[in-house]
Amino acid sequence: MKPHLVSKEVLARQVYRYSRAYRLAAFILFGFLLLQVPAVVWLIYEKQVDQDRRTRAGQLAAEAARIASDRKALADTEKKLKRIQGLAPVLRARLPISAVLGKIEQLASQDLALSQVVIDAGEFQPVQIEAGLFQLPRQINIVITGQERAQAGDAYKHLAGKLLESLPPGSKIAETSLADGEPFKTFRLALNAPTNGNYFGLGVTKISTQNSL
Amino acid sequence: MLWLYHWHRANEALYLSNIRQASQNWLDQRKITDLKAAAVQINGLYLRLGDPIVATQNLEQVPSLDHGGARQNGPEPVVIHDFMKAGFAAVPGARRRHESSVVFELASNQLEFHRVVPLLAQEENSNAFLFIDHIELLRPKTTEPFSEHPTALQSRLRVRMFTAAAQ
């Protein structure tokens with residue numbers, strides 16, 4: 001009877017199975033195979049994402065083409081709007097003189113009689129409008145002279161104060177003077193107002209407002 | 001793995017590109033919606049602004065005071081014509097160098113304050129590019145202060161209008 005007959009192959013296999021090098025190699029092999037699982041998952045995920053994003057890109061491109069087509073139909077309106085916007089500095093710098101005169105008339109009390117009103121535009125600044133130049137005034141100077149009844153008190157100062165409230169923000173009174181006389185005193189007021197586009201105090205509405213004429 | 005990483009980067013770039021394109025589309029769509037909504041107003045305003053712009057070829061045909069303010073060869077700007085109809089005399093003023101404008105000096109001794117102001121308002125409303133660079137309203141020395149009689153003022157104006165030289 002042959003006790004425990006073990007072939008060389010079996011021995012060799014046992015050596016491989018239980019030796020450290022074999023185990024290490026097996027560990028590396030299984031580790032590598034295990035690593036393939038997330039890689040495969042990642043691959044599937046990226047493929048799905050790629051597909052979704054390409055579909056979305058196609059949709060956006062189609063939408064952009066439709067918008068471009070719509071925009072072409074509005075090209076004329078857009079051109080007009082650009083031109084209006086180009087003229088905006090001119091419109092903003094124009095302080096309506098009639099509104100200033102109307103406000104002076106409205107605010108002057110019955111104790112005042114105006115003898116002279118002078119309004120001058122000043123501090124001109126050239127502005128490029130399309131292919132041409134236009135000088136825009138940055139300020140207007142208002143000088144009012146007149147007579148005040150002797151018993152009227154400070155009616156001319158009241159006029160200056162009220163007018164200042166109506167003029168655009170940043171306006172200031174440059175001069176107020178009163179010369180004694182009988183039966184009337186002669187006053188002189190000088191005000192400066194910036195042409196900053198805020199003329200609502202004068203009762204002016206925006207030019208784009210309908211029925212503003 | 002490197003190939004997967006590059007693919008991932010390409011997908012991220014595509015994602016960002018999509019976001020940019022979507023934002024741009026949204027802005028363009030909004031612009032178009034706004035334009036459509038405001039089209040009537042824009043066309044109306046354009047017409048209103050474009051109408052009074054003075055064509056430069058007519059500038060040399062303006063009447064002068066030497067000829068009694070009569071029209072000689074062609075149409076003057078509508079605003080000036082209106083001023084003249086209201087009783088102002090008009091002469092072309094010195095034009096600033098390189099400026100797209102026409103300048104007129106206007107004078108009248110016939111109009112009262114309550115007629116001058118509405119006239120100015122009417123002309124300023126009709127021409128958004130009418131600039132009154134100088135205005136002087138003077139009560140005649142012969143009229144006493146607080147006079148209750150209608151007083152024709154000595155009115156002097158220098159007006160300037162933006163022209164369509166650039167059109």
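Just so it is clear, none of the values below were taken in a lab; they were calculated from the coordinates. Since the structure is predicted, the reported quantities are computational estimates derived from the model, not experimental observations. In this analysis, Cβ positions are derived from the backbone assuming ideal geometry, glycine residues included, and neighbour counts consider all displayed protein chains.
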- prompt: Label A:Lys172 and A:Gln51 with points 7 Å out from Cα along Cα→Cβ: what is the distance between them in nm?
  reply: 7.4
query: Ranked by Cβ crowding within 10 angstrom, fewest neighbours first, how are A:Tyr199, A:Tyr18 ordered?
result: A:Tyr18, A:Tyr199
statement: Computed over the Cα atoms of the range A:95-202, the Rg and Dmax in Å are 15.7, 58
statement: With a ≥ b ≥ c from the Cα gyration tensor eigenvalues, square-rooted, and the rule rounded for a/c under 1.5, otherwise prolate when a/b > b/c and oblate otherwise, the range B:90-142 is oblate
statement: Going from the fewest other Cβ atoms within 10 Å to the most, one would list B:Ser100, B:Ser108, B:Ser126 as B:Ser126, B:Ser108, B:Ser100
query: If you take the beta carbon distance between B:Thr143 and A:Gln151 as r and set R0 to 22 Å, what does 1/(1 + (r/R0)^6) give as a FRET efficiency, to the nearest 0.05?
result: 0.50
task: Sticking with the crude label model, points 7 Å out along Cα→Cβ, report the distance from B:Arg97 to A:Ala64 in nm, one decimal please.
output: 5.0
message: Run the paramagnetic zone check for B:Asp34: 7 angstrom along Cα to Cβ, then residues of the range A:88-109 with backbone nitrogen under 20 Å.
response: A:88-92
query: Most mobile of A:Glu46, A:Glu182, A:Glu63 per a Gaussian network model of chain A (Cα springs, under 10 Å)?
result: A:Glu46
For the protein assembly as shown, the fraction of alpha-carbon pairs in successive 20 Å shells from zero, as %: 21, 34, 17, 11, 8, 5, 3, 1
field: Helix-derived mean residue ellipticity, 222 nm - over chain A, DSSP H n ≥ 4, -39500 (n - 2.57), to 500
entry: -17500 deg cm²/dmol
Approximate shape of the range A:8-73 as ellipsoid semi-axes (Cα gyration tensor, √5λ), whole Å, largest first: 60, 7, 6
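Between B:Ala13 and B:Trp26, what is 0.36 nm times their sequence separation minus the Cα-Cα distance? Round to one decimal in nm.
Contour length minus the Cα-Cα distance gives 2.7 nm.
Quote the convex hull volume per residue of the range A:89-128, based on C-alpha atoms, as a whole number of Å³.
That works out to 75 Å³ per residue.
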- request: State which entries of A:Lys80/A:Lys172; A:Lys103/B:Lys141; A:Lys157/A:Lys206; A:Lys162/B:Lys36; A:Lys82/A:Lys103 exceed 32 angstrom in Cα-Cα distance in the structure shown.
  value: A:Lys80/A:Lys172; A:Lys162/B:Lys36; A:Lys82/A:Lys103
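Could you grab the relative contact order for chain A? Cα pairs under 8 Å, six or more apart, rounded to a whole percent.
Answer for chain A is 16 percent.
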query: What distance in nm separates the simple spin-label points at A:Lys162 and A:Leu11, each placed 7 Å from Cα in the Cβ direction?
result: 12.7
- request: Take the eigenvalues of the Cα gyration tensor for the range B:1-50, scale each by 5, and report the square roots as semi-axes in whole Å, largest first.
  value: 46, 8, 4
